[in-house]
Amino acid sequence: MGIEEIVANYDKKSISIATACSHSSLQIFNGARKEGLKSIGIAFKEKPKFYNAFPLGKPDEFFIVDDYKKINENAEYFHRKNAIIIPHGSFVEYLGAENFLKLNIPTFGNRAVLEWESDREKERQWLESAGLDMPEIIEDPKDIDKPVIVKYYGAKGGKGFFIAKDYKDFKKKIDESKPHIIQEFLIGTRYYIHYFYSPIKKDGYRVGKGSLQLLSIDRRDETNIDEAHRLGSITELEAMGIQPTFIVTGNIPIVLRESLLPKVFDMGARVVKRSYELFGGMIGPFCLETVVTEKLQFRVFEISARIVAGTNLFISGSPYSDLIQPGLSTGQRIAQEIKYAAEHDMLEEIIT
Amino acid sequence: MGIEEIVANYDKKSISIATACSHSSLQIFNGARKEGLKSIGIAFKEKPKFYNAFPLGKPDEFFIVDDYKKINENAEYFHRKNAIIIPHGSFVEYLGAENFLKLNIPTFGNRAVLEWESDREKERQWLESAGLDMPEIIEDPKDIDKPVIVKYYGAKGGKGFFIAKDYKDFKKKIDESKPHIIQEFLIGTRYYIHYFYSPIKKDGYRVGKGSLQLLSIDRRDETNIDEAHRLGSITELEAMGIQPTFIVTGNIPIVLRESLLPKVFDMGARVVKRSYELFGGMIGPFCLETVVTEKLQFRVFEISARIVAGTNLFISGSPYSDLIQPGLSTGQRIAQEIKYAAEHDMLEEIIT
Amino acid sequence: MGIEEIVANYDKKSISIATACSHSSLQIFNGARKEGLKSIGIAFKEKPKFYNAFPLGKPDEFFIVDDYKKINENAEYFHRKNAIIIPHGSFVEYLGAENFLKLNIPTFGNRAVLEWESDREKERQWLESAGLDMPEIIEDPKDIDKPVIVKYYGAKGGKGFFIAKDYKDFKKKIDESKPHIIQEFLIGTRYYIHYFYSPIKKDGYRVGKGSLQLLSIDRRDETNIDEAHRLGSITELEAMGIQPTFIVTGNIPIVLRESLLPKVFDMGARVVKRSYELFGGMIGPFCLETVVTEKLQFRVFEISARIVAGTNLFISGSPYSDLIQPGLSTGQRIAQEIKYAAEHDMLEEIIT
């Protein structure tokens, strides 16, 4: 049975949502609760005890797996629960891309986006063809004429990156035996912009056949790079044998200068439109990871095509979402979208 | 007709507020809405589309101009709407000081403050005579005996500033042909303190004939200085040909050590009192831009005599304003003040 | 009369709370108000005027002392008010440890914790025996093989600390005549985790006979270390004659990566359990001050065994406490605990 058929058989009056117990799950379960949807927490080996400390962020039930890859074998359980999977970064990572794509459970959003998001070259093709300004790629290290960040392929979570100030510095630091990419180091201040695109809501900021929202903004906090300055400059740290790392440990709330909002919406709209041309559309929450330069221009270094953990700051609303509906979180917005689609018999437009 | 006469003719039961569509306008329109006042968004050339994404931050109507300087030609429109202009930094900048001062539309606050705020020397005269501790000015570069920040006159938005560590560094960097000012570089942590002074409310923290509130505190986020450390120290960046810049791109929420609050109110009270002696008073929101030193002393490097963009973080309240009224923003506080004055026939005390 | 007897005589229907007018007092008074408890602000010499600006953070009455040490002489006043002291860092500091321990007024929490928290060696014994990973102590400076922070004994509030990159740097900076401790400098990002342990609530995340909550997380903002990078690296500053200092001036809100929450609760639970074994238990709010390393491990450099000022950010709730009860602050949680204990005749279990 295909996903559309499965959903066609769902009881639209008792939809539940399901996700893996990590990343932004407290917010997702809390959002479902606020909208009156049931929730299922998919947990590894045992029921995580910490949810007991958060009665409003706890799922209604747990589904325990000893291997995330086996979720598909239990698809019927989820079908019986009229469940829709809310994929977040950890869910996709736990399952693996291949298993995620094969998952025989209705999933919020368009799974086809994964291919375009996870492949650096396709991601660049998408964003650049949408008119976004990405960091320059330096093909030949001899052309390094400004600071660069060098990323080994497969480097996980910000380890295995290094900064090189010039060609000489690059030569000193590079392990040529490992495949890598050399990228311009963006100079400016970082803003991680949390959007939501609905293909079925026709009010608000219209894009394509739907509408676009800005729900919140954060700045990622990365160990050790974001607090290294308390000890010394990167160069000084390297001299002490300490390498900078870029591993996300948390998030700090932030707002952008209001005069930049037209650009924020323009960027979001372009990315959505282009997604429809390339692979049938991006649906629901996404994040553009940007640097604002001294010319007040946005440079975009990455896109996350689903809920990002930075939204966890805004479980009770943000300076942006409060202008839509007081207290609105991204998790709640997802639940609203599903609820609205279920009520209007449009679920097939927002799931795959 | 003078401003007082215009306001005397206003229908006090249907006051509206108006401001330019930028800076802190979402918050100002949202605040008006919360207090039941109508709002007018003054926009350049076309209705900005992004307000559609924020139903609770959208003005009730737009007034489109092809040149901000022509607002005055349309004063009658605003009179008919019983409109009071809420000036913010961008509004004043778009109009220009001269046009702002001549504007024949009732304006919240005392316009005379502009002269004292925009002229560096008058600003210093005001704040120092109020007893605030400002950064030292170094007249003769040869006297530079600690780090300084050098500002070329007319440098806009934090570009055209540079830091010099000593006289030698200064000589290397300065373009002597351009007029400039040499200021002590303040060492400490920055707090941008958002106050509100009401000349008509007699409860609370009494100052002069009115009362003073602390509504929120932020830290400005400036490109590229605030994230430059991810690449290297300022000196190292300069060696790579990258100059530090101080252009505000956003704001981060923060609270101050509670034991500093008596000083915070004392500073605010002194500035307000002195404003009455010098130019008839400062009314409504203002911001002291401070550095807290290792001796827990405040050094004040600037005053903004109107709503600042840092308040945009606190559209649904702050750790300070929530102790006044849960959810109170500076935008809402402005609307409250106007509403209260209209109801008590005191508008002439808070507008010019 | 002992504390238990005093409390036994209290009118459980009109309990009030009392604390010194500083640190986190606005939040504590606001929390009491939300829960319908009366509050008493203990102030030095005069009623602090700034509370007038915060009607919802103002105590119901003030008790003025000309010397904090004399509170005990006025114990009867507090008994008559059925008052329970909420100790915070400044309260304990103003009174002095000895006077605090002798205070003949019921006090929220277990006073015995003070001995274990204020003595560096006992604190280490407690936390390490609970299985927490603390920074290494270097006994012999010749063994310095990584960056260290050197703290002179009795250095107050972060002054009198210095960073040394290696043995040579240490030798250059140390004043050997002063007793000091040499500690590994932790490399990573700082998270100050605000917990609450209730020995009388049996729902939620069970620990011992009670339950543990995570209420919020902040990052302390320290002058001048946290903004020094705007001028130069620490080494460059030292060359300009500027020493880094670590004096807390405020707090910034932050959230942790959700996948770290199981560790967060595990650490909190271990510390609480061990506190019962060592000294009869730690009750109410406490804070673990941590650094998250590139291996996503927590290193704990300090514990505060009472309400910390970082909770002042969350006077109307946090991304964590909102999942317990929307808008819940640590101050309110304290008031809830006292109210619940009073209603269930269990006050003696949470006071000393």
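Laboratory data are not the source of any read-out in this text; all were calculated from the coordinates shown. Since the structure is predicted, the reported quantities are computational estimates derived from the model, not experimental observations. Because the Cβ atoms are built from the backbone with ideal geometry, glycine has one as well, and the counts that use them run over all protein chains shown.
For the stretch A:141-184, a crude dipole built from +1 on the beta carbon of Lys and Arg and -1 on the beta carbon of Asp and Glu, taken about the Cα centre, is about 200 debye to the nearest 20.
Counting other C-beta atoms within 10 Å, which of B:Phe246, C:Phe63, C:Phe91 has the fewest, and how do the rest follow?
Numbers: B:Phe246 22, C:Phe63 19, C:Phe91 27.
In increasing order of surrounding Cβ atoms, one gets C:Phe63, B:Phe246, C:Phe91.
Which one, B:Tyr10, B:Gly109, A:Phe63, is farthest towards the positive end of the dipole of the protein assembly as shown when Lys and Arg carry +1 and Asp and Glu -1 on their Cβ? In the protein assembly as shown, that residue is B:Tyr10.
Remark: label point of A:Lys159 defined 7 Å out from Cα along the Cα-Cβ vector; separations to the same position in other copies 4.1, 4.1 nm, ascending.
Within the shell of other residues whose beta carbon sits under 11 angstrom from the beta carbon of C:Phe265, the net charge comes to +3, with Lys and Arg scored +1 and Asp and Glu -1. Counting only Cα atoms, I'd like the Rg/Rh figure for the stretch A:141-184, Kirkwood definition for Rh. Here Rg/Rh amounts to 0.93.
The fraction of Cα-Cα pairs per 5 angstrom bin, counted from 0 for the stretch B:124-214, comes to 3, 11, 16, 17, 16, 10, 8, 8, 6, 4, 1, 0 percent, rounded to whole percents. Karplus-derived 3J(HN,Hα) values for the stretch C:54-68, using 6.51 cos²θ - 1.76 cosθ + 1.60 with θ = phi - 60°, are 10, x, 8, x, 8, x, 5, 8, 10, 10, 8, 10, 9, 7, 4 Hz; glycine and proline are entered as x.
Rg/Rh for the stretch C:143-275 (Cα atoms only, Rh after Kirkwood) is 1.07.
Between amide H atoms placed 1.01 Å from N, distances below 5 Å from B:Ser16 occur with B:Ala83, B:Ile84, all of them 5 or more places distant or on a separate chain. Quick one: Debye curve from the C-alpha atoms of the protein assembly as shown, no solvent, what's log10 I(q)/I(0) at q = 0.06, 0.10 Å⁻¹? With one equal scatterer per Cα and no solvent, log10 I(q)/I(0) is -0.46, -1.41. Coupling constants for the stretch A:257-268 follow from the phi torsions by the Karplus curve (6.51 cos²θ - 1.76 cosθ + 1.60, θ = phi - 60°), and in residue order they are 3, 4, 5, 8, 4, x, 5, 4, 6, 4, 4, x Hz; glycine and proline get x. Just B:Pro244, B:Pro179, B:Pro285 to compare: in a GNM of chain B, with alpha carbon springs under 10 Å, which one fluctuates most? Maximum among the listed residues: B:Pro179.
Placing a label point 7 Å from Cα along the Cα-to-Cβ direction at C:Gly208 gives distances to the equivalent points in the other copies of 5.6, 5.6 nm, listed shortest first. By definition, a body whose alpha carbon gyration tensor gives a ≥ b ≥ c is prolate when a/c is 1.5 or more and a/b is larger than b/c, and the stretch B:1-151 fits this prolate description. Dipole magnitude for the protein assembly as shown: computed about the Cα centre from +1 point charges on Lys and Arg Cβ and -1 point charges on Asp and Glu Cβ, it is near 1320 debye. Can you work out the PRE-style zone for B:Glu128? Point 7 Å along Cα to Cβ, and I want the residues of the stretch B:181-201 with backbone N under 17 Å. From the stretch B:181-201, the list is B:181-186. Distances between placed amide hydrogens fall under 5 Å for B:Tyr205 paired with B:Leu212, C:Ala53, all partners being 5 or more residues away or on another chain. Look at the Cα gyration tensor of the stretch B:202-352: its axes a ≥ b ≥ c give a/c of at least 1.5 with a/b over b/c, and that counts as prolate.
Helix C:25-35 versus the longest principal axis of chain C: what is the Cα-based angle in degrees, 0 to 90, to the nearest 10? Computed tilt is about 40 degrees. In units of the rule-of-thumb radius 2.2 N^0.38 Å, the stretch A:48-113 shows an alpha carbon radius of gyration of 1.18. Applying the Karplus relation 6.51 cos²θ - 1.76 cosθ + 1.60 with θ = phi - 60° to the stretch B:329-345 yields 3J(HN,Hα) values of 9, 4, x, 5, 4, 4, 4, 4, 5, 5, 4, 4, 5, 5, 5, 9, 6 Hz, where x marks Gly and Pro.
With a 10 Å cut-off around each Cβ of C:147-153, the average count of Cβ atoms from other chains is 1.
Quick one: net charge around B:Thr235, please, counting Lys, Arg +1 and Asp, Glu -1 for every other residue with C-beta under 10 Å from its C-beta. Cβ neighbours under 10 Å give a net charge of -3.
What is the sum of charges around A:Val7, taking Lys and Arg as +1, Asp and Glu as -1, for the other residues whose C-beta is under 15 Å from the C-beta of A:Val7? Net charge around A:Val7: -3.
Relative to the present Cα-Cα distance, how much length would full extension add between C:Lys178 and C:Glu61 at 0.36 nm per residue of separation?
Values: separation 117, 0.36 × 117 = 42.12 nm, distance 4.48 nm.
Residue separation times 0.36 nm, minus the Cα-Cα distance, leaves 37.6 nm.
Based only on the alpha carbon positions, what is the Kirkwood hydrodynamic radius of the stretch C:211-276, in angstrom? Answer for the stretch C:211-276: a Kirkwood hydrodynamic radius of 14.8 Å.
If N is the number of residues in the stretch A:239-315, what value comes out of its Cα radius of gyration divided by 2.2 N^0.38 Å?
On the way: Rg = 15.5 Å, N = 77, 2.2 N^0.38 = 11.5 Å.
Here the answer is 1.35, to two decimals.
For the stretch C:199-250, applying the loop criterion from DSSP together with a ceiling of 14 other beta carbons within 10 Å to the trypsin sites (Lys or Arg not before Pro) yields C:Lys202, C:Lys209.
Residues A:Asp221, A:Asp66, ranked from the fewest to the most other C-beta atoms within 10 Å, line up as A:Asp66, A:Asp221. For B:Ser233, the amide hydrogen comes within under 5 Å of the amide hydrogens of A:Ile234, A:Thr235, counting only partners 5 or more places away or on other chains and with H modelled in the peptide plane.
Can you give me the angle between helix A:120-129 and the longest principal axis of chain A, using Cα atoms only, in degrees from 0 to 90, rounded to the nearest 10? Orientation of helix A:120-129: about 90 degrees from the principal axis. Scaled against the 2.2 N^0.38 Å expected of a compact globular protein of N residues, the Cα radius of gyration of chain A reads 1.02. Among the listed pairs A:Lys38/B:Lys34; C:Lys49/C:Lys156; A:Lys159/C:Lys159; C:Lys156/C:Lys178; C:Lys159/C:Lys295; B:Lys58/B:Lys159, a Cα-Cα separation exceeding 26 Å is found for A:Lys38/B:Lys34; C:Lys49/C:Lys156; A:Lys159/C:Lys159; C:Lys159/C:Lys295; B:Lys58/B:Lys159. Residues A:Thr223, C:Thr235, B:Thr245, arranged from fewest to most other Cβ atoms within 10 angstrom of their Cβ, appear as C:Thr235, B:Thr245, A:Thr223.
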